[in-house]
Structures are given as C-alpha cells and as structure tokens.
Amino acid sequence: MQTIQLNSEEETLALGRNIAQTLKIGDILVLTGDLGAGKTKLTEGILDFFGLANEIASPTFTLINEYQTKTFPIYHFDVYRLSNSDEFLAIGGEEYFEKGVSIIEWGEIIEDILPEHYTQITFAKDLENENKRILTIQEK
C-alpha cells in the first residue's frame, strides 16, 4: 500500500500521466472517494499522457466512455448510478476487462465481481485545505 499527498489539480494530472506510463491491456484501476475528490481529474491525466485529454467527458450519465490509444482502448466507467453489480453484468461490463484498460469510478459498488487482481486508488479530501488530497494506492 502506498499513500500519496497531492496539493493541486496539476499534481493530480501529473500522477495520472505517471500511472499511464505503466498501463497495459487487462489493467483495472478502481477509483473511490467522495464527489469532487479528483477521480475524473486523475483519469484526465491518464488520457493526457496518450494525447486524449481534450476528449474526456465524465461518464456519469453514459456509464462508459471509450478512448482509443495507439496500442489499446481505455474504458472509463462511472458506476455511481448502478444499484449493484448485477446491473453491471447485465450490460456486459465485465467483458471489457480483458480488452483494454478499465478505469472504474465508484468501483466499490461492483467490487464483488471485479477480477482477482486490480489497483484501488482511494481519494480523501483534506478538511483543512480544499486543494489537498490524500491518495491510498493498493494492489488487490
């Protein structure tokens, strides 16, 4: 487990770009934390590494957005509006896991159906500094 302190949106974007350098097909990032904690901003940093930052849209109302890098697709899920993992299974969501990189916001909702190995990144806001975030990164 690793803990990282971020002090700005730019630091969140930079972390996303750093994470992007290590990604490969089959990787799953589960992003958890309060609304506005930086989950989509981290995803923007990942997409920025691949030259796709201008294409990012929060998938809140569409469940999934797909982005094509030169080597693999990135699937950006936001499962906030799902009641449980059965709804994710009903749309064939698990079929994406092996086809590319999956970034799942609010992934704790579907934790019971996630593959055995994934990376969970938990975002916590600092109560004294609105720009500061504490991230816990854990391989599961």
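The values are calculated or read from the model by the stated rules, or taken from the named source; none is laboratory data. Predicted, not measured: the structure shown is a model, and the values here were computed from it. Glycine also receives a Cβ, built like all others from the backbone with ideal geometry; neighbour counts cover every protein chain displayed.
Odds and ends about this structure:
Yes/no per residue for (1) in contact with a Pro (Cβ under 6 Å, 6 or more places away or on another chain); (2) without any contact (Cβ under 8 Å) to a residue 40 or more places away in the chain; (3) under 20 Å from GLU94 (Cβ atoms):
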site: ASP27; (1), (2), (3): no, no, yes
site: ALA37; (1), (2), (3): no, no, no
site: GLU55; (1), (2), (3): no, yes, no
site: PHE72; (1), (2), (3): no, no, yes
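- Among residues of the stretch 16-61, those that are aliphatic (A, V, I, L, M) and either in contact with a Cys (Cβ under 7 Å, 6 or more places away or on another chain) or under 18 Å from ASP126 (Cα atoms) (or both), counted: 4
- Residues of the stretch 1-51 that are small (Gly, Ala, Ser) and under 18 Å from THR136 (Cα atoms): SER8, ALA14, GLY16, ALA20, GLY33, GLY36, ALA37, GLY38, GLY45.
- Checked against (1) at pLDDT 95 or above; (2) over 20 Å from GLN138 (Cα atoms), ILE91 passes all but a single condition, namely (1).
- Residue that is surrounded by the most Cβ atoms within 10 Å (Cβ to Cβ), among those in the stretch 16-27 that are more than 22 Å from TYR80 (Cβ to Cβ) and out of contact with any strand residue (DSSP E or B) (no Cβ under 6 Å at 6 or more places or on another chain): ALA20
- For the stretch 13-40, residues that are within 12 Å of the chain's Cα centre (by Cα) and polar (S, T, N, Q) total 2.
- Scanning the stretch 15-49 for residues that are of a type in the set (Ser, Thr, Tyr) and assigned to a strand (DSSP E or B) yields one hit, THR32.
- Of all positions in the stretch 28-36, at least one carries a residue that is more than 24 Å from GLU130 (Cα to Cα), crowded, with 20+ Cβ neighbours inside 10 Å, aliphatic (A, V, I, L, M) and at pLDDT 95 or above.
- Applying the criterion of at least 1 residues that are over 15 Å from the mean Cα position of the chain (by Cα) and surrounded by fewer than 13 Cβ atoms within 10 Å (Cβ to Cβ) to the strands (runs of 3 or more DSSP E) found wholly in the stretch 78-140 leaves an empty list.
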